[in-house]
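Visitor: So that we are looking at the same thing, I have put the structure below in structure tokens.
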Amino acid sequence: MKPLVCFFTILFFILLSSCGNEDIDIIDERICSVDVTVNLTDFFSCYNFVDTKHHLDLEKNKRFKSLNAADIYESFSSFYVSGSGNRVTIEVRVLFYNDSGQLVNKNESVFISDYSDRVNQTIKLPTGRYTAIAILTFDDADNRHWLLNDKENLSTACLATNGGSGGSIWSIMSYASQEVVIGEKNENKVQMTPAPVGALCYVYYQNFQENKRIASIRVCSDTIAQRFMLDPNSQNRYIIKDTGGSKFNWLNNMLLESTPKLYFDGTATYFQDDFFDYFYILAPRCNLYFSYYQNGPGRSEPIELPACDIENGRTYMIYWDYNHLDNPYFGLADNDHWY
């Protein structure tokens with residue numbers, strides 16, 4: 001009897017030890033290291049329009065070092081963002097959502113102060129199927145141009161504008177998504193190349209210095225997209241701001257009083273020269289209105305342009321000459337529409 005009791009006692013401890021080791025092995029095997037590579041090559045390389053007619057006067061324009069967006073983007077780390085004192089950086093966000101649409105990884109951001117072709121991360125994930133998302137945006141630490149809202153669930157996750165209606169040259173974004181399977185026997189390498197979403201718009205205003213009462217010039221729209229949904233299967237990726245029918249929600253506002261050192265000397269009370277700017281358009285279809293404000297008479301009547309379908313990653317152009325107020329140009333950027 002005693003040998004039998006001893007036998008079952010030893011067998012019990014062997015089975016207990018075996019079960020404990022098996023549980024530990026399963027936990028170890030179900031958590032995988034995933035090598036994630038995000039390529040930055042398509043972030044801003046497509047914005048390569050060159051204005052061959054005009055030349056930048058660096059003595060009068062302290063804001064940019066070039067007329068061309070590609071030159072500005074390539075030297076992004078040398079720019080200080082107005083008001084914050086921070087240098088511009090690139091923010092790389094990587095998110096993994098499981099089959100239930102729940103966000104799995106929490107530390108999704110990497111900030112780059114010097115340009116690199118790619119960013120590599122190692123992320124720990126349980127085995128399973130995921131929707132992987134990568135986002136590229138510019139950032140200046142105190143003033144993110146895009147906020148990642150409601151990110152815990154894929155169906156609600158979105159990039160939202162950080163206040164205001166207009167987007168600056170630093171508001172461009174790129175996005176990528178793909179389905180991946182993370183497994184114990186898989187290579188578990190994920191590579192993504194985010195592509196541009198939305199478009200850049202080059203603005204050139206000409207001869208407005210001839211009216212010495214003009215205090216600001218605006219490009220307005222009643223179709224301003226303020227959110228971009230991250231779910232690749234979302235039926236409505238672009239959430240349009242409710243403007244209440246107003247045509248005076250500005251996308252670009254060239255205001256004399258707030259920018260006395262950009263295009264004219266500090267004692268000027270009117271625009272001194274022609275000037276240019278860039279802004280970002282997210283909406284896939286855009287209705288634009290032009291207007292200017294005068295000291296005294298107030299706002300001019302808006303000039304409406306035909307609605308335009310916006311292609312991702314393209315550069316558009318707005319050209320408005322005070323001597324041809326009724327004929328502003330809005331379309332793909334080229335050098336064929338100058339007066």
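Visitor: Grab the Cα-Cα distance for residue 236 and residue 144, subtract it from 0.36 nm times how many residues apart they are, and report the gain in nm with one decimal.
Guide: Between residue 236 and residue 144, full extension yields 30.7 nm more.
Visitor: Here's something else I'd like to know. Less than 12 Å Cβ to Cβ from residue 151, Lys/Arg counted +1 and Asp/Glu -1: what total charge do the surrounding residues give?
Guide: On the way: positive: 93, 106; negative: 108, 150, 152, 231.
Value of the local net charge: -2.
Visitor: Quick one: how many Å² of residue 104 are accessible to a 1.4 Å probe, rounded to 10?
Guide: Solvent-accessible area, nearest 10 Å²: 50 Å².
Visitor: How far is it, in nm, from the label point at residue 212 to the one at residue 323 when both lie 7 Å from their Cα along the line to the Cβ?
Guide: My value for the distance between the label points is 2.0 nm.
Visitor: Any idea how far apart residue 106 and residue 304 come out in nm if each label point goes 7 Å out from Cα toward Cβ?
Guide: 5.1
Visitor: With θ set to phi - 60° and the Karplus curve 6.51 cos²θ - 1.76 cosθ + 1.60, what are the ³J(HN,Hα) couplings of segment 203-214 in order, to the nearest whole Hz, using x for Gly and Pro?
Guide: Working through the residues one at a time gives 10, 9, 9, 10, 6, 6, 5, 6, 9, 7, 9, 5 Hz.
Visitor: Can you give the FRET efficiency to the nearest 0.05 for residue 124 and residue 274, using r as the Cβ-Cβ distance and R₀ = 56 Å?
Guide: 0.55
The values are calculated or read from the model by the stated rules, or taken from the named source; none is laboratory data. Source: prediction; values computed, not measured. Methodologically, a virtual Cβ is constructed for each residue, glycine included, from the backbone with ideal geometry; neighbour enumeration extends over all protein chains shown. What goes into the accessible areas is simple: the full protein's heavy atoms, side chains included, and nothing from ligands, DNA or RNA. Shrake-Rupley method; radii C 1.70, N 1.55, O 1.52, S 1.80 Å.
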